[in-house]
Amino acid sequence: MNKNKKIRQGFKRAFDGFKETLIKETSFKIMLVIAVIVIVAAFYFSTSRIEKTILFLVIFSVLILELINSTVERIMDFISPNHDERVRVIKDLMAAIVLLASLGAIIIGIIIFYPHFGF
């Protein structure tokens, strides 16, 4: 197989994974909608280039962590399809990671957008 075909297949598989995520992962879809709203707000309000960069960095970080969370959950379900307390703890820890990143994103969003609401 030539190098270009391998690269195309790699991209196809990545897009297939993204499509799978959009179809089956409700949390990711919700986060994606919120991300779009934040991106629109970043361009609607006169945010600086650095503020936009920070918002994009935070958005992609949360989405990536959610993808990692979904992947770990699927791996754990595959390894241990029956209820296992250890698996539950692992899944809860992964959810806590995403929650912490999301809370950080909310705080950063408030810091950036607060001046635009004239309080």
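The values are calculated or read from the model by the stated rules, or taken from the named source; none is laboratory data. Remember, predicted model here, so these are calculated numbers, not experimental data. Backbone-built Cβ (ideal geometry, glycine too); neighbour counts: all protein chains shown.
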Item checked: Members of segment 72-88 that are within 19 Å of Ser27 (Cα to Cα) and either aliphatic (A, V, I, L, M) or exposed (fewer than 14 other Cβ atoms within 10 Å of the Cβ) (or both) -> Val72, Arg74, Ile75, Met76, Asp77, Arg88
Check: Just checking, how many residues over segment 30-69 are under 14 Å from the mean Cα position of the chain (by Cα) and in contact (Cβ under 8 Å) with a residue 60 or more places away in the chain?
Finding: 2
Next item on the list: Could you identify the single residue in Val98, Val58 that is of a type outside the set (Lys, Arg), under 30 Å from Gly118 (Cβ atoms) and surrounded by 10 or more Cβ atoms within 10 Å (Cβ to Cβ)?
Entry: Val58
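On the given criteria, is Ile64 in a helix (DSSP H, G or I), at pLDDT 95 or above and surrounded by 15 or more Cβ atoms within 10 Å (Cβ to Cβ)?
Working: in a helix (DSSP H, G or I): yes; at pLDDT 95 or above: yes; surrounded by 15 or more Cβ atoms within 10 Å (Cβ to Cβ): no.
No, not satisfied.
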Check: Would a scan of segment 69-91 turn up a residue that is under 30 Å from Ile112 (Cα atoms), among the aliphatic types (A, V, I, L, M), at pLDDT 95 or above and in contact with a helix residue (DSSP H, G or I) (Cβ under 6 Å, 6 or more places away or on another chain)?
Finding: no
